[in-house]
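S.K.: The structure under discussion is supplied below as structure tokens; questions concerning it will follow.
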Amino acid sequence: MSGSVISLRIDDEQKLRLDRLSQRTGRPGSFYLREALGAHLDHLEYVYLLEEEAAEIRRGEVETASLEQLENECGLGD
């Protein structure tokens, strides 16, 4: 597999767990690190996007509608 190389520090417990998993399955630790990154990167990107959008709303950079306006638009008002 070709790709970029990155370096990271993990604590001793994480390294031990990764080594044990690798030994049990016969796969290299790098396989599981790629799997973990792939499984969680989408979630992290989504969370940070939501936080960025929330900050834009608080700064008044995004037009919003009140609950009352939405209810009236949808025909749900009293």
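The values are calculated or read from the model by the stated rules, or taken from the named source; none is laboratory data. The structure presented is a predicted model; accordingly, all values stated were derived computationally and were not measured. Because the Cβ atoms are built from the backbone with ideal geometry, glycine has one as well, and the counts that use them run over all protein chains shown.
S.K.: Can you pull out every residue in segment 31-71 that is closer than 30 Å to SER4 by Cα and either in contact (Cβ under 8 Å) with a residue 60 or more places away in the chain or of a type in the set (Lys, Arg) (or both)? Working first, answer last.
M.R.: Narrowing segment 31-71 to residues closer than 30 Å to SER4 by Cα: 31-52.
The one that is closer than 30 Å to SER4 by Cα and either in contact (Cβ under 8 Å) with a residue 60 or more places away in the chain or of a type in the set (Lys, Arg) (or both): ARG34.
S.K.: Against the condition surrounded by 10 or more Cβ atoms within 10 Å (Cβ to Cβ) and in contact with a Pro (Cβ under 9 Å, 6 or more places away or on another chain), how does SER22 come out, does it pass? Explain how you work it out, then say what you get.
M.R.: Values: surrounded by 10 or more Cβ atoms within 10 Å (Cβ to Cβ): yes; in contact with a Pro (Cβ under 9 Å, 6 or more places away or on another chain): yes.
So SER22 fits the description; yes.
S.K.: Could we say that ARG58 is of a type in the set (Lys, Arg), within 29 Å of GLN14 (Cα to Cα) and under 28 Å from the mean Cα position of the chain (by Cα) here? Quick ask: steps written out before the conclusion?
M.R.: Values: of a type in the set (Lys, Arg): yes; within 29 Å of GLN14 (Cα to Cα): no; under 28 Å from the mean Cα position of the chain (by Cα): yes.
When the stated conditions are applied, ARG58 does not pass them.
S.K.: If THR64 satisfies all but one of (1) exposed (fewer than 11 other Cβ atoms within 10 Å of the Cβ); (2) of a type in the set (S, T, N, Q); (3) modelled with pLDDT of 95 or more, what's the number of the condition it fails?
M.R.: Among (1) exposed (fewer than 11 other Cβ atoms within 10 Å of the Cβ); (2) of a type in the set (S, T, N, Q); (3) modelled with pLDDT of 95 or more, THR64 violates only (3).
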